[in-house]
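The values are calculated or read from the model by the stated rules, or taken from the named source; none is laboratory data. These numbers were taken from a predicted model, which means no experiment stands behind them. Note that each Cβ is placed from the backbone with ideal geometry, even for glycine, and that neighbours are counted across all protein chains shown. What goes into the accessible areas is simple: the full protein's heavy atoms, side chains included, and nothing from ligands, DNA or RNA. Shrake-Rupley method; radii C 1.70, N 1.55, O 1.52, S 1.80 Å.
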Amino acid sequence: MEFLKDIDWDKFHFLRPDYIWMAIPMAIIILLGIFFYGENNRWKKHIAKHLQPYVIQNGTTWKSRLLHASLLVLFGLGFLGFLGPTWSEEKAPAKKVSSKLVIALDLSQSMLTTDVSPNRLERAKFKINDLLEANPRAETALIVFSGSAHTVVPFTTDYKIIQDNLDGLQPHMMPARGTGFNMVFAKLQTLFVDNKAPGQIVLITDDLEGLNSQTVSAFVQENNVTLNVYPFASELGGHVPSFTNHKYDLKIKGKPVTSALQTDNLNALRGIDKVKIMDLTLDKSDVTIFAETVSDHLIFEEKPKNEDENWEDQGYWLIIPVMILFLFSFRKGWSLLSVMLLVSLSSCSTTEEEGKEDVADFQFKDLWYTKEYQAQEEFDNQNYIAAAKDFKDPLRQGVAYYKGGDYTKAREAFEKDSTANGLYNLGLTYAKLGNLEKAQEIFTTLVKNNPSMEQANRNLQNINEVLAGVSKMSVEESTVEGEKPNAKNEQNTSPEDLSGGGQKATKKDMEKERLEETVETGKRKGKELDELPDDFKSGKGAIPKNILMRKVDDDPALFLTHKFKYQVKKNQVEVENTQTTW
């Protein structure tokens, strides 16, 4: 009674009022049950009245009516608990979320124009370095774009990584020419999926012609970001250098191509909400002020998605009277009816957000098939990614991800399985990801603990041969490079070719075929091995012996060049058909 006195009836409401309609089918089912129960008792009227006291025991009628009444009350109380009665607010601690920063750098050919000294691209690199040295404190990502957009460095607070990758960025690295802003916004949208805090974008470009104001306005409103446009071009402009030789101007139909700041487009962007124009200064004050702004507005409090999250669900109090009334249901057959009550009461301990997710994930086939059965069906139909999401067993989940081509998630799943099969599959996955050293370590441990696994032993031998080949080749290459003589003083020692070493070749010598520089073998050149070949599958498990690895180049610019081309080749990144080709 003291508890009832504390109820604030002015604030009383239900957290889940949208489900009140479910009371209608429940009431119909209960009423139909009572009706058919009455039909079954009509046989009592056919007994003579003077015999009824002897045939029908006293108390049978009122007990059945009591059971029906308790059933109605049980369902009523359970349904009220399901609706989530509440009258008190709860003060949950506010969640802290941090803002993120993305730097989008234009790598089109026009960025090499020298109207901004030394050229637009180099000045942009200086400004990015100044911005990172000012320490905005936010997680920062670097992307580059031309006709396609690519991520150079994902979100990180280690700005040294961004600076190391920044120096070598040049337009010739990009697989497609032009300035594709649609691809930029598509890439940015993937980086700001479900961002809780307002994000910041620094768009460094010299071409504003393709930057549509309507597209920009829609993007910033939908993704909770602020777009800071940083134009690197002067109003006078300059000639765009040639693709092959930067000393000459790029010409289209015999006329030099010029690039200048489009002031009309820039003024149109100034009027858009959440779009700011950064003015280029000779010193670092422009980026320093911006870094301070990002740092000062780094942490935000996440707003609740729904007002009902601030209310405490009081439906669990109804469990007490339900438990008391439930004691009267222990008759033959009545316990089965309690299952419906338990289902309704189970939602009382579920938050509204979880409840909505359960309803959203529920499908009609879930009534008849388990998730494991459904996952196996998807697996048999070669829908591996869909199957992996429903598998609970890490081993089966990892196999599904592996067959679906998602090797990163396959690795995460196999790491949860400590069995020999899980360890074997983990080694294959690391090999598929290109981490042969880790694969070697795993297969070594596996062979040590399970000497009878012949396939694992063969895989280990093949990996050892490949890694030994890499080491040997690195030594040979460094020796050749170190002992390479000067071309002018080269002495020709071949009797088949007298055209080198400063000797005068005769006409007969010139007619001879030149010696082949390389000998064709059954080995594949390392340059072709952007990834493991397709015939390397988990069923075979062996690494082909005809793979010749080359020395890994430590130049990040070369790595990024191959990465960008590979992404376009494998259709991982789309290419935009831009208006210009520079």
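In table form, for the structure just shown:
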item	result
All positions within region 187-212 that are surrounded by fewer than 16 Cβ atoms within 10 Å (Cβ to Cβ) and among the aliphatic types (A, V, I, L, M)	VAL193
Unique residue being modelled with pLDDT of 80 or more and touching a Pro at 6+ places or on another chain (Cβ under 7 Å) when the list is LEU101, LEU105	LEU101
Matching residues, region 219-259, being assigned to a loop (DSSP other than H, G, I, E, B), free of Cβ contacts under 8 Å to residues at least 40 places away in the same chain and either within 23 Å of LYS100 (Cβ to Cβ) or open to solvent by less than 10 Å² (accessible area, probe 1.4 Å) (or both)	ASN224
Selection within region 385-420 - assigned to a loop (DSSP other than H, G, I, E, B), more than 16 Å from the chain's Cα centre (by Cα) and among the acidic types (Asp, Glu)	ASP393, GLU415, ASP417
Every pair of residues 6+ apart whose Cβ atoms lie under 8 Å, when the first sits in region 411-425 and is closer than 15 Å to THR445 by Cα while the second is basic (Lys, Arg) and part of a loop (DSSP other than H, G, I, E, B)	GLY422/LYS416
Selection within region 133-173 - assigned to a loop (DSSP other than H, G, I, E, B) and either open to solvent by less than 10 Å² (accessible area, probe 1.4 Å) or touching a Gly at 6+ places or on another chain (Cβ under 7 Å) (or both)	PRO136, ALA138, SER146, GLY147, SER148, LEU169
Complete set of residues in region 160-199 that are under 25 Å from PHE300 (Cα atoms), of a type in the set (A, V, I, L, M) and touching a Phe, Trp or Tyr at 6+ places or on another chain (Cβ under 7 Å)	ALA197
Residue match in region 363-371 (condition: of a type in the set (Asp, Glu) and at pLDDT 55 or above)	yes
Filter result for GLY147 (within 23 Å of THR244 (Cα to Cα) and either under 24 Å from the mean Cα position of the chain (by Cα) or among the aromatic types (Phe, Trp, Tyr) (or both))	yes
Lone qualifier among TYR424, TYR430 - being surrounded by 20 or more Cβ atoms within 10 Å (Cβ to Cβ), modelled with pLDDT under 90 and either touching a Lys or Arg at 6+ places or on another chain (Cβ under 7 Å) or charged (D, E, K, R) (or both)	TYR430
Lone unmet requirement of (1) more than 19 Å from THR179 (Cβ to Cβ); (2) at pLDDT 90 or above; (3) open to solvent by 60 Å² or more (accessible area, probe 1.4 Å) for GLY271	(2)
LEU31 at pLDDT 75 or above, over 30 Å from LEU227 (Cα atoms) and over 49 Å from the mean Cα position of the chain (by Cα)	yes
Lone unmet requirement of (1) modelled with pLDDT under 80; (2) closer than 27 Å to MET323 by Cα; (3) open to solvent by less than 90 Å² (accessible area, probe 1.4 Å) for VAL55	(2)
